[in-house]
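Asker: This is the structure I want to talk about, given as C-alpha cells.
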Amino acid sequence: MAIASDIPQEHASPVSDQNGSRRDRYDHAEIEPRVRRLWDESGIYAWDAEDSDRPKWFVQSMFPYPSGDLHIGHWFAFSGGDAAARFKRMQGYNVLHPQGFDAFGLPAENAAIKGNIHPKIWTYGNIANMRKQFELMGNSYDWTREIITCDPEYYKWNQYFFLKFLENGLAYRSDGAVNWCPADQTTLANEQVKDGKCERCEAVVVKRNMPQWYFAITKYADEMLDMSGIDWPEKVVVSQENWIGRSEGVNISFDISEYGLDTKGISTFTTRIDTIYGVTFVVLSPEHPLVAELTQPEYAAVVEDYVAAAARESEIERTSAVREKTGVPTGSYCINPLNDERVPILVGDYVLATYGTGAVMGVPAHDERDFDFAKKYDLPIRVVVAPDGWSGEELEAAYIAPGVQVNSNEFDGLPSREGKEAIAEKIERNGWGERVVTYHLRDWLISRQRYWGTPIPIIYCDHCGAVPVPYEDLPVELPSDAEFQPSGRSPLVEHEEFLNAPCPKCDGPGQRETDTMDTFMDSSWYHMRYLSPGDASNPFDGGLAATWAPVDQYTGGMEHAVMHLLYARFFNRALRDIGLVDFSEPYLHLFSHGTMTTEQGRISKRSNPVTPDPLVQKYGADTLRCYLMFLGPWDKGGIWTDSGINGIRRWMHRVWDLCTRDASLLGGEDSRAENALEVASHTATKRVLEDMAAYKYNTAIASLMTYANQMADAWEDGGVSPALWRSSVKRLLLHLAPLAPHIAEELWMRDGGEFSIHSQLVPEWDESKLNVETIKIVVQVNGRVRDTITVPADAGEKEIADAALASPGAQRHTQDKQIRREIYVPGRLFNIVVG
RNA sequence: GGGGGAGUGGCGGAAUGGUAGACGCGCAUGCCUUAGGAGCAUGUGGCUGCGGCCGUGCGGGUUCGAAUCCCGCCUCCCCCACCA
C-alpha cells in the first residue's frame, strides 16, 4: 500500500549523518495525520464480528464524560487502554475496542444555567470537540460503534430495562428518608455521598423524606460478594466487599408490653449476642417509629427537642466518629428476655436509622460507643465477657475481644465464641429473635430531580396508580424546551405538554413521572450496546452477546471501584434473571490505572486543566503517549510534570535514526557481534511481551530503549550482517507499535513493510537464543563482591570455580584464610566462604 | 477504628533471595555551531588512604548472600468508617 513515494517531498528535509547517507528527519507533525488517514481509509480498526478464525477479545476503557476537553488524565487512561488493545490485536486476536460518551449528567445542566446554552447543544458541542481531540491520539477505536447515552435511541433502552425490572420485582417505588443535595437540588444514591457530602459538588447532604424509585440491588448482595469468577484488582474486590458489608448477627426483641402498644417489642440487631447479659440500656435512633409512642409525658419536651435537633443536623455532623455521644431518656423501659431485667430506653443520634433495625442494645462493657455513652450518662457497665486474667475490676475501656462468659447465667464459663452460638440457639428456641444477615448495601435510589437524564417511563393516574408506559410508546423523550433552573423539583414538572399524558390503562387524565434516572443507569450496560449500536428493536443483539459478551478486559480509574462497577455487576445479574444474558459478570478482567494529579490535586476541567494539545503539537502524540506510559507503573498514576518529555522525544529521534539507516553499509559478519545482537533481540522480546501482558508499560519502554541502545552499539561495532540488522529494525518497530503507533507505522512502511504494522503479529522469542557465548560471573567472598570473571557460556562448574578462586579480587580476600564453602549460582555468581 | 498500598540517588522509577540504583530526567565535561533552552559523545549514589568502606525509613533476626523473607517500631498516601 502506501510506501515512501507517498511522502510529500516538501516535508522531507534531508540531513546527512556520519555514514554519509541522506535521510529524512523525524517530523511528527507531517507523519501523524497522514498515517491516521491511512488507518481511516483502510478501516483496519473496524470490528469484524463474523471473523471467528481468530479468538475474540472485547477490550474497553471506561468511556468519558463529555466535559469539553480531553485533559492529560484522559490521555493517561486511554493511552494505556489503547496499547492493551493494539497489543492483543498483534497477538492474533479479533479485537473489539469501542469508545463512546457518558453524556447525561449535571455539568451539562449547570453549564446551561450559567451560560444560557441548552444542555443538549453544550453536550454535543463538547462531544464534537473531544472526538477531534481523540483523533489526535490515534487510538484504535472502532468509531462506527460509538455510543452517546443522551441519544433517545440509547436511553430508550434504559426505559425498557426499567420496565422489565418493574415487571420482575427489581424496581419499586418507596417513601422514606433519602439523601438530598441542597446545591444540586436532587436526591442521591448512598454510593454518591462521600463523607456526608455530595460526591459531585461537595455540598453537605441532608436527609429528606420523599417517594423515590429504587432498584433492588440488595437482592444480589450475597451473590455479588463472590468474586471468584473474575480477575479484578484486590483493591477493588475489597472495596466492594466492604461496601456490601455483610455481617452476621441476631435480631432480638426487647419486651415493651407494659405500655400496651400494638407492637411485639423493640427489635435490635447485634453481632455480639454473646454480650446480651451485659445490656444495661437500649437506644433508639431519633427517627425510630416507636420514639413518640414510648416517650413518657414528663420527658416529651426534651425528646421532641432532641429529635428535632437531630433532624436539623447534617449527615456529616451526625456521623462524625469523634463527636461526643448524646442522648435523652424516654422514661420508658424494656425487658431483656434472657434475664428479665428492665432497662431504660433512650434516644441517641449515634444510632443510625438506616442500619440494622434502627435500635441497638447498649452493652457498655463490650462496645466502645456504648461505653462512651454509659460513662457520659452514668449508666451501669457490666462485664459479661471476661478478658484474660480479669478478676472483677472495673474496665478502663470497652473490652471488644473474645473471652470467657461471666455473669451470663447458664452460659458462664463458655468461651464467648461458643457462647454466641449457644445464646443464639436459645433465643431462636424461645422465639425472642432470630439469626439474621445484615448488609451495609442499600437499594439503589435511581430518581433524580433533574432535567438532563433519562425520563422514568411511568404515568400516575388517580384511578390506576403508577402505570408503566407501554413498550411501544418508548422512548419517552426529553422535551427540548424545558426550563431547567433547579427548583428542588424536576424541571419537567413545569412542562405541561410533557407532564400531562393519558393513563395507558384507563385513558383517564394522568401525569408523567417527572424525575429522571441516575446517570449510572447509562453506564451499567453500555458495553452491551457497543455490540449493536444501531439496533432499533433490541437493546443488544442476542447472538452477538452470546459470542462476544462479557467484556474480556476493562480498564478505568479507581474512583469507580464501588459505584459504577457495583451497579454494572448488579445490572448484569438483573439482565441474566430476566433472561437476556446467560452470564453473571459483565467484566472478566479489570485493570485499575492510577490517577494523574497536579501538585494542586486532581486534574479536572474546572479546577486544574492540563491541556495536552500544545504538547501534542510540539512533540507529537506518540511522544506524549510514551511519556505518560513511561512515567511509572500504569496502576500508580502520579503527579503530572512535562519535565522529562524531552527524553522520550530524543528517543523517538534515535529510533527514527536507527530504523532509517542503510543496512547495506554493514559488511562484517563477526559471530561475536552477531551473537550479541541476537541475544539482545530475544531478550528484548521476552521482556517486552511479558511486560505488555502485565500492563507494565514503563518497563516495556525501558526495555525497548535498552534494545535501541544495543542496536546502536551493534552498528558502531559494524560486525553484524545486513539481514540481522534489518530483522532487528523490524523487531523494534513491532514492539513499539502498540505504544507509539504512528511512528512505528511510518518506519515500517519506509522499511518496505506491508501496511499495516498493526495487522502484523508480534515477534516471538526463543529461549535458546538468550544465551551469550561468554558470561560474566560475579565472584564474592563471604557474600561481598570482590571480582567478576568472564567465562565461556558452556563452562563447567569446576572451570568456573578455578577461575573464581584465581581471580585477583578473590585472592586478596582468601589468602591466609581457610575456605569453608563454595556456592555456585549457575550463570550468576560464585561465592567463597572463608572463616 | 477497619481495609489497601508505599517508603530506594537531586527527580520519576528498576530490581521479589544472587553485581542495588535498569531505563529516563537533571547535572558536569567535551564536540559541533554565528548562536542555542538544539543535536551528538562521555561521565554521574556518598566517602576514600584507591586496598576498600558506607548505602534501599528505623531497630533486631534468618541466610554463604536480604531492598526482597521473619519479628518489633516510625512515617506517608488512598479507600471505607458511630455498620451496633
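The values are calculated or read from the model by the stated rules, or taken from the named source; none is laboratory data. In this text, all values refer to a predicted model and were calculated from it rather than measured experimentally. No Cβ is skipped: glycine too gets one built from the backbone with ideal geometry, and neighbour counts run over all protein chains shown. To get the accessible areas, we keep the full protein, side chains included, count just its heavy atoms, and leave off ligands, DNA and RNA. Shrake-Rupley method; radii C 1.70, N 1.55, O 1.52, S 1.80 Å.
Asker: What percentage of all Cα-Cα pairs in segment A:235-303 are separated by more than 14 Å?
Answerer: Here the long-distance tail beyond 14 Å is 71 percent of all Cα pairs in segment A:235-303.
Asker: On a 0 to 90 degree scale, rounded to 10, what angle separates helix A:797-806 from the longest Cα axis of chain A?
Answerer: Around 80 degrees separate the two axes.
Asker: With r defined as the distance between the Cβ atoms of residue A:497 and residue A:559 and R0 fixed at 35 Å, what FRET efficiency is calculated, to the nearest 0.05?
Answerer: 0.35
Asker: Using r as the Cβ-Cβ distance of residue A:69 and residue A:816, and R0 as 51 Å, what FRET efficiency do you calculate, to the nearest 0.05? Mind dumping the intermediate values first?
Answerer: Working: r = 73 Å, r/R0 = 1.43.
That pair, residue A:69 with residue A:816, gives E of 0.10.
Asker: Over the alpha carbons of segment A:184-304, what is the largest minus smallest coordinate on each principal axis, giving the biggest first in Å?
Answerer: Sorted largest first, the three principal extents are 57, 42, 25 Å.
Asker: Another question, if that's okay. Please list A:255-267, A:101-113 highest first by mean number of surrounding beta-carbon atoms within 10 Å per residue.
Answerer: Order by mean packing, descending: A:101-113, A:255-267.
Asker: From the P(r) of segment A:698-740, can you give the percent of Cα pairs sitting at distances over 18 Å?
Answerer: Values: 242 of 903 pairs.
Summing the P(r) of segment A:698-740 above 18 Å gives 27 percent of all pairs.
Asker: Under the √(5λ) rule applied to the eigenvalues of the Cα gyration tensor, what semi-axes describe the equivalent ellipsoid of segment A:30-82? Give them in Å, descending. Let's see the in-between values first.
Answerer: Values: eigenvalues 121, 73, 20 Å².
With the √(5λ) rule applied to segment A:30-82, the semi-axes are 25, 19, 10 Å.
Asker: Whole-Hz ³J(HN,Hα) for each residue in segment A:346-354, computed from phi via Karplus 6.51 cos²θ - 1.76 cosθ + 1.60 with θ = phi - 60°, x for glycine and proline: what do you get?
Answerer: 10, 10, x, 7, 7, 8, 8, 5, 8
Asker: For segment A:520-582, with only Lys/Arg (+1) and Asp/Glu (-1) charged at the beta-carbon, what is the dipole magnitude about the Cα centre, in debye rounded to 20? If you can, show how the numbers build up before the last one.
Answerer: Values: 4 positive and 7 negative charges, 26 e Å.
It comes to approximately 120 debye.
Asker: At 7 Å along Cα-to-Cβ for each site, give me the label-to-label distance between residue A:617 and residue A:471 in nm.
Answerer: Taking the two extended label points, one gets 5.3 nm.
Asker: Would you mind listing how long segment A:762-830 runs along its three principal axes, going by Cα atoms, in whole Å with the largest first?
Answerer: Computed over the Cα atoms, the extents are 55, 20, 18 Å.
Asker: Roughly speaking, what % of Cα-Cα pairs in chain A are separated by over 49 Å, rounded to a whole number? Walk me through the intermediate numbers first.
Answerer: On the way: 137850 of 348195 pairs.
Beyond 49 Å sits 40 percent of the P(r) for chain A.
Asker: Shifting gears a bit: At residue A:313 and residue A:654, where each label point lies 7 Å from the Cα along Cα→Cβ, what is the point-to-point distance in nanometres?
Answerer: Distance between the two pseudo-spin positions: 6.2 nm.
Asker: Which entries in A:132/A:730; A:636/A:696; A:686/A:769; A:776/A:798; A:207/A:376 show an alpha-carbon gap greater than 20 Å?
Answerer: Flagged as over cut-off: A:132/A:730; A:207/A:376.
Asker: What length, rounded to one decimal in nm, is gained on full extension from residue A:797 through to residue A:439, with 0.36 nm per residue of separation minus their alpha-carbon distance? Walk me through the intermediate numbers first.
Answerer: On the way: separation 358, 0.36 × 358 = 128.88 nm, distance 6.30 nm.
In short, 122.6 nm is gained.
Asker: Can you give the translational diffusion coefficient of segment A:718-835 in µm²/s, computed by Stokes-Einstein from the Kirkwood radius over Cα pairs at 20 °C and 1.002 mPa s?
Answerer: The diffusion coefficient I find is 121 µm²/s.
Asker: Kirkwood hydrodynamic radius of segment A:335-411 from all distinct Cα pairs, in Å?
Answerer: On the way: mean 1/r = 0.0728 Å⁻¹.
One over the average 1/r among Cα pairs gives 13.7 Å for segment A:335-411.
Asker: Right, something else. Determine the relative contact order of segment A:207-273: mean sequence separation of Cα pairs under 8 Å and six or more apart, normalised by residue count, in whole percent.
Answerer: Working: 43 pairs, mean separation 15.7, N = 67.
It comes to 23 percent, rounded to a whole number.
Asker: Also: Would you mind working out the magnitude of the charge dipole of segment A:136-240 relative to its Cα centre, with +1 at each Lys and Arg C-beta and -1 at each Asp and Glu C-beta, to the nearest 20 Debye?
Answerer: My answer is approximately 440 debye.
Asker: By per-residue mean of other Cβ atoms within 10 Å, what is the highest-first order of A:344-355, A:370-381?
Answerer: Highest-to-lowest ranking by the protection proxy: A:344-355, A:370-381.
Asker: Just need the relative contact order of chain A here, percent rounded to a whole number, with Cα pairs under 8 Å and 6+ apart. Could you put the intermediate results ahead of the total?
Answerer: Details: 1518 pairs, mean separation 119.5, N = 835.
Across chain A, relative contact order equals 14 percent.
Asker: What order, most packed first, do the peptides A:161-171, A:815-825, A:724-734 have when packing is the mean number of other Cβ atoms within 10 Å of each residue? Walk me through the numbers on the way to the answer.
Answerer: Numbers: A:161-171: 18.9, A:815-825: 10.8, A:724-734: 20.8.
Most protected by this proxy first, the peptides run A:724-734, A:161-171, A:815-825.
Asker: Nearest 10 degrees, 0 to 90: what angle lies between the long axis of helix A:722-736 and the longest principal axis of chain A (Cα atoms)?
Answerer: It is inclined by approximately 10 degrees.
Asker: How big is the C-alpha Rg of segment A:365-511 next to the rule-of-thumb value 2.2 N^0.38 Å, as a ratio?
Answerer: 1.98
Asker: May I ask for the Rg/Rh ratio of segment A:71-123, computed from Cα atoms with Rh as the Kirkwood radius, given to two decimals?
Answerer: 1.23
Asker: Okay, moving on. Can you tell me how much longer the chain between residue A:40 and residue A:301 gets when fully stretched, taken as 0.36 nm per residue apart minus their C-alpha distance, in nm with one decimal?
Answerer: Details: separation 261, 0.36 × 261 = 93.96 nm, distance 7.51 nm.
Full-extension gain reported as 86.5 nm.
Asker: Still on this model: Compute and list, largest first, the equivalent-ellipsoid semi-axes of segment A:669-788 from the alpha carbon gyration tensor, each √(5λ) rounded to a whole angstrom. Provide the component values of the computation, followed by the final result.
Answerer: Working: eigenvalues 167, 71, 26 Å².
Gyration-tensor ellipsoid for segment A:669-788: 29, 19, 11 Å.
Asker: Roll a 1.4 Å probe over the protein chains and send me the accessible area per residue for chain A in Å².
Answerer: For chain A, the solvent-accessible area averages 44 Å² per residue.
Asker: Hey, another quick one. Choose one of A:308, A:355, A:366: the residue whose Cα lies farthest towards the positive end of the charge dipole of segment A:304-398 (beta-carbon charges +1 Lys, Arg; -1 Asp, Glu; about the Cα centre).
Answerer: A:308
Asker: What is the mean projected area of the alpha carbon convex hull for segment A:501-630, to one decimal in square nanometres?
Answerer: If I average the Cα hull's projected area over directions, I get 13.1 nm².
Asker: Still on this structure: Could you check how much of the accessible area of chain A is carbon and sulfur, as a whole percent, using a 1.4 Å probe? Display every interim value, and only then the final one.
Answerer: Working: 17370 of 36420 Å².
In chain A, the share of accessible area belonging to carbon and sulfur is 48 percent.
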